[in-house]
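Structure first, then comments.
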Amino acid sequence: GQQLNQSPQSMFIQEGEDVSMNCTSSSIFNTWLWYKQDPGEGPVLLIALYKAGELTSNGRLTAQFGITRKDSFLNISASIPSDVGIYFCAGQETSGSRLTFGEGTQLTVNP
Amino acid sequence: DVKVTQSSRYLVKRTGEKVFLECVQDMDHENMFWYRQDPGLGLRLIYFSYDVKMKEKGDIPEGYSVSREKKERFSLILESASTNQTSMYLCASSFGSRFYNEQFFGPGTRLTVL
């Protein structure tokens with residue numbers, strides 16, 4: 001199936017720093033989503049994007065649907081310890097109906 | 001809020017056993033999904049269902065089957081568990097076709113097959 005390349009695989013940052021992560025695909029997607037998974041829990045939807053170029057915020061989180069429709073970015077500003085977890089991107093191709101997930105970015109925030 | 005519950009958080013089974021994982025959602029969602037999550041591989045779709053008694057294979061259906069007799073309940077069955085099915089299993093649900101992708105996940109079942 002379709003593969004999503006998510007980077008970085010892991011990040012270790014200090015509290016208060018900003019964070020950026022991204023996902024790229026070899027084919028066009030019509031939907032991008034970002035999820036966060038806390039330790040021992042299932043993923044929770046953070047942001048959904050449906051249009052190329054769309055920029056959407058959810059509190060300190062901002063995500064963008066790349067203009068080429070082959071990538072998406074997630075930024076977290078002024079990180080806090082509860083931002084710790086795994087962040088997944090997911091996308092839906094124009095021709096299919098299933099979500100494809102990235103491998104995840106493990107975020108660690110040092111107080 | 002949508003609530004997706006899974007019958008067990010942790011499960012230990014022996015090779016060859018038949019295993020049932022149950023998932024229930026309380027928001028009248030049409031779509032339900034089963035994924036497995038393994039380190040470095042992200043989430044992979046096993047099966048999904050868009051209506052009662054309807055099921056579709058995902059990317060890795062081999063060794064699994066599913067049952068959806070009621071709208072709120074979606075069961076994953078391992079007919080004969082094997083050690084390579086040791087994994088975290090996640091159930092999800094979503095509403096209709098328009099919001100198909102906005103999936104709500106349960107807490108997961110960590111299955112160990114010995």
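The spread of Cα positions in the protein assembly as shown, taken along each principal axis and listed from longest to shortest, comes to 48, 38, 33 Å. If R0 is 41 Å, the Cβ-Cβ spacing of B:S82 and A:S82 corresponds to a FRET efficiency of close to 0.60.
Converting phi to 3J(HN,Hα) with the Karplus coefficients 6.51, -1.76 and 1.60 and the offset θ = phi - 60°, the range A:65-82 yields 8, x, 5, 7, 6, 10, 8, 8, 10, 10, 10, 10, 9, 6, 4, 10, x, 6 Hz in sequence order, with x at every glycine or proline. Each residue of the range B:62-77 is assigned a 3J(HN,Hα), and the resulting list reads 4, x, 10, 9, 9, 9, 9, 8, 10, 4, 7, 10, 9, 10, 10, 10 Hz, derived from the Karplus form 6.51 cos²θ - 1.76 cosθ + 1.60 (θ = phi - 60°), x at Gly and Pro.
Nearest 5 percent is fine: what portion of the DSSP beta bridges confined to chain B is antiparallel? Don't skip to the end; give the middle numbers.
Values: 36 of 40 bridges.
That works out to approximately 90 percent antiparallel.
So if we plug the beta-carbon distance of A:T68 and B:T5 into 1/(1 + (r/R0)^6) with R0 = 35 Å, what FRET efficiency do we get, rounded to 0.05? Taking R0 as 35 Å, the efficiency between A:T68 and B:T5 is 0.35.
What FRET efficiency comes out for A:R60 versus A:I13 if R0 is 22 angstrom and r is the Cβ-Cβ distance? Round to the nearest 0.05. Please report the intermediate quantities before stating the final value.
Values: r = 13 Å, r/R0 = 0.61.
In this case the efficiency is close to 0.95.
Only beta bridges with both residues in the protein assembly as shown are counted; by DSSP, about 90 percent of them are antiparallel.
No lab work stands behind these numbers, since they all come straight from the coordinates. No experiment lies behind these values; they were computed from the predicted model shown. Positions of Cβ are generated from backbone atoms using ideal geometry, with glycine treated the same way; all protein chains shown enter the neighbour counts.
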